[in-house]
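Note sheet for the following structure.
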């Protein structure tokens, strides 16, 4: 393209952590500019947020419906090219559907929807619209996660036997004994807003997505125990899941907000017949590969021996020994989605193999994971079948 992509945002106004993350990530490579938004359900807060971002007041809206209608009426090249949705969970479906039907590409925070039925319906809307839909499972943006995926695809680990994906946090442990002031925000613990799950829906889905992204394996059955250790909590703050994957591999997916002392330790271990690999989000530039009868190796981001899957396409921005982290990984999602949107605008075909970002199927799979965990935890039988997740091409 000969211009920047024009981005709109719904949600993410003053005081919203994730909105600022999205704006920084989208802006990192200088190919996207924020031009419009409805930044809050409070029109005054939306207006003030627009001032914070130095936007034209006429492009700052009081509601997302007004934004979709008025932006759609603007000339091509002036209207937004896509919208980034960073509202609370219960609004994801309605906002995404509104903008897709208005003809816009969509980037949406996870979980994609509150319910599995909504996820299936939104996928139909995406398919009918022909627009690009990207989901910000941002941890797939790390270069060494992409290198791990490449190793599995190339058979370097052999047949996958076991996957352990964990996402422990400990920030809410004080709430268990009433020693803190409610670290889990009210909306995340409110099923009307958050949906079926708090912990598993918020961070467990990242662990599940990471396992699927790296290995490509689909869950066949799951056995879950979700717990609310915090007194009076309506939704889980801890969860343990035994997983049976299609093809015979077994696994564990664990997520927690009461794991005392842990900060943001998303990590994964994948065990194969030839080798295994290990990656930790808190040390994201290292990928450890282990062998039964040889010394383990540590692969580091930015070096010449790293494959094009991890080092190419602009996914690595600094030379080796210069650490990259959370914002850069998030920006890689926007970089890939932005390329897909630009190619569609320019009438260019998608590259062979497609684009490397989570799409609507990843969204359906994430909501299916949440549903399966909740259903299993409430079941006497425990082992439940994973809901069907159709491919985008079907």
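The values are calculated or read from the model by the stated rules, or taken from the named source; none is laboratory data. Note that the coordinates shown come from a computational prediction; the quantities given were computed from them, not determined experimentally. Because the Cβ atoms are built from the backbone with ideal geometry, glycine has one as well, and the counts that use them run over all protein chains shown.
Show me the strands (runs of 3 or more DSSP E) found entirely inside segment 212-283 where at least 3 residues are in contact with a helix residue (DSSP H, G or I) (Cβ under 8 Å, 6 or more places away or on another chain) and modelled with pLDDT of 95 or more.
219-227, 238-245, 250-256, 267-272
Scan segment 284-315 residue by residue and report those that are over 14 Å from residue 144 (Cα atoms) and outside any loop (DSSP other than H, G, I, E, B).
290
Looking only at segment 359-388, count every residue that is assigned to a helix (DSSP H, G or I) and closer than 19 Å to residue 239 by Cα and tell me the total.
Summing the residues that are assigned to a helix (DSSP H, G or I) and closer than 19 Å to residue 239 by Cα in segment 359-388 gives 14.
Can you tell me which residue among 289, 270 is within 21 Å of the chain's Cα centre (by Cα) and either on the phi < 0 side of the Ramachandran plot or free of Cβ contacts under 8 Å to residues at least 12 places away in the same chain (or both)?
Just one listed residue meets the conditions, 270.
Mind listing whichever residues of segment 51-92 are free of Cβ contacts under 8 Å to residues at least 40 places away in the same chain and buried (at least 23 other Cβ atoms within 10 Å of the Cβ)?
61, 68, 92 - these are the residues of segment 51-92 that are free of Cβ contacts under 8 Å to residues at least 40 places away in the same chain and buried (at least 23 other Cβ atoms within 10 Å of the Cβ).
From the list 24, 1, which residue is surrounded by fewer than 16 Cβ atoms within 10 Å (Cβ to Cβ), at pLDDT below 95 and touching a helix residue (DSSP H, G or I) at 6+ places or on another chain (Cβ under 6 Å)?
1
Is it the case that some residue within segment 292-310 is within 30 Å of residue 223 (Cβ to Cβ) and surrounded by fewer than 16 Cβ atoms within 10 Å (Cβ to Cβ)?
Yes, some residue in segment 292-310 is within 30 Å of residue 223 (Cβ to Cβ) and surrounded by fewer than 16 Cβ atoms within 10 Å (Cβ to Cβ).
Would you call residue 318 outside the structural domain of residue 29 (by TED's automatic domain parsing) and either assigned to a loop (DSSP other than H, G, I, E, B) or closer than 19 Å to residue 161 by Cβ (or both)?
Yes.
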